[in-house]
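Q: The structure's right below; bear with me while I get my questions together.
The values are calculated or read from the model by the stated rules, or taken from the named source; none is laboratory data. The structure presented is a predicted model; accordingly, all values stated were derived computationally and were not measured. Note that we place each Cβ from the backbone using ideal geometry, even for glycine, and neighbour counts take in every protein chain shown. We work out accessible area using only protein heavy atoms, side chains counted, and drop any ligands, DNA or RNA first. Shrake-Rupley method; radii C 1.70, N 1.55, O 1.52, S 1.80 Å.
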Amino acid sequence: EPEVTQTPSHQVTQMGQEVILRCVPISNHLYFYWYRQILGQKVEFLVSFYNNEISEKSEIFDDQFSVERPDGSNFTLKIRSTKLEDSAMYFCASSERQFYNEQFFGPGTRLTVL
Amino acid sequence: AQTVTQSQPEMSVQEAETVTLSCTYDTSENNYYLFWYKQPPSRQMILVIRQEAYKQQNATENRFSVNFQKAAKSFSLKISDSQLGDTAMYFCAFMKGGGTSYGKLTFGQGTILTVHP
């Protein structure tokens, strides 16, 4: 069964460094999402992406964040200059259609900023 | 803005018993969708069941069913004949339908369900 994959599973970085989190969505899906979950808190929406552009972003998704689909398979989240508060589990998701459609989630990347 | 509230941080149930997880939400939208996702200890979230707000009939998927009360803005999940594999974190989630929404899910805090043998 197709699934969303994410790499790395755990990333440790120093404050101020850039990180790129990678996701491979399910191949026939057209809509892509990033969510994050700070330890002990809710899963929060970051951004949605369709047709090579951002469809919607949350207030969390400021200028430090960017997303890209550099080729036909990968979907990346870049954090330009990491802060301590960026430490969280980051989940990628994809869906075939937009509404009422099941979003398939990856296993997550745990980002630790020291 | 939409909010989703799950008031039960933890629940437990004996194997083969029935358990109900609560979820309430707040929205001014009329067109929306509701979901229950399950996140087992391996941490990959899986869709359990979904409901379209305009449908009055409660959704059912095998042992999982919902009690959707639109006026009360309540969307509870009932798990019948609980199995050990149901042990997981359960998230209730809301999605606006149409307009300026592009598939964004708004999640509740989650309920940890433990099924005991």
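Q: With every protein chain left in place, what is the accessible area per residue of segment A:5-113 in square angstrom, probe 1.4 Å? Mind showing how you got there, number by number?
A: Numbers: 5130 Å² over 109 residues.
Heavy-atom SASA per residue in segment A:5-113 reads 47 Å².
Q: Which three extents, in whole angstrom, do the alpha-carbon atoms of the protein assembly as shown cover along their principal axes, largest first?
A: In descending order, the Cα extents are 49, 41, 33 Å.
Q: Now for a separate question. Could you look at segment A:1-79 and say what percent of its accessible area is carbon and sulfur, using a 1.4 Å probe and all protein chains?
A: C and S fraction of accessible area: 43 percent.
Q: Can you give the percent of C-alpha pairs in segment B:1-94 whose distance is more than 21 Å? All intermediate terms of the calculation are to be shown ahead of the outcome.
A: Values: 1229 of 4371 pairs.
For segment B:1-94, the share of Cα pairs beyond 21 Å comes to 28 percent.
Q: Just B:S28, B:S76, B:S65 to compare: in a GNM of chain B, with alpha carbon springs under 10 Å, which one fluctuates most?
A: Highest fluctuation of the listed residues: B:S28.
Q: Go ahead and set up a Gaussian network model of chain A, Cα springs under 10 Å, then flag whichever of A:L30, A:L39, A:L77 fluctuates most.
A: Checking each option, the largest mean-square fluctuation is seen for A:L39.
Q: Extending each Cα 7 Å along its Cβ direction at B:M11 and B:E61, get the distance between those two points in nm, one decimal.
A: 1.6 nm
Q: Mind pulling the per residue volume of the convex hull built on the Cα atoms of chain A? Å³ is fine.
A: Details: hull volume 11.7 nm³, N = 114.
Output value, Cα hull per residue: 103 Å³.
Q: I've got another one for you. Over chain A, with a Gaussian network built from C-alpha contacts below 10 Å, which listed residue (A:F91, A:F49, A:F32) shows the highest mean-square fluctuation?
A: The residue with the greatest mean-square fluctuation here is A:F49.
Q: Take every DSSP beta bridge with both residues inside segment A:5-113 and express the antiparallel ones as a percent of the total, to the nearest 5. All intermediate terms of the calculation are to be shown ahead of the outcome.
A: Working: 35 of 39 bridges.
Within segment A:5-113, antiparallel bridges account for around 90 percent of the total.
Q: Continuing with the same structure: Could you run the numbers on buried accessible area between B and A, total for both chains, 1.4 angstrom probe, in Å² to the nearest 100? Could the numbers behind the result be given before it?
A: Values: alone 6650 and 6770 Å², together 11170 Å².
Accessible area lost upon association: around 2300 Å².
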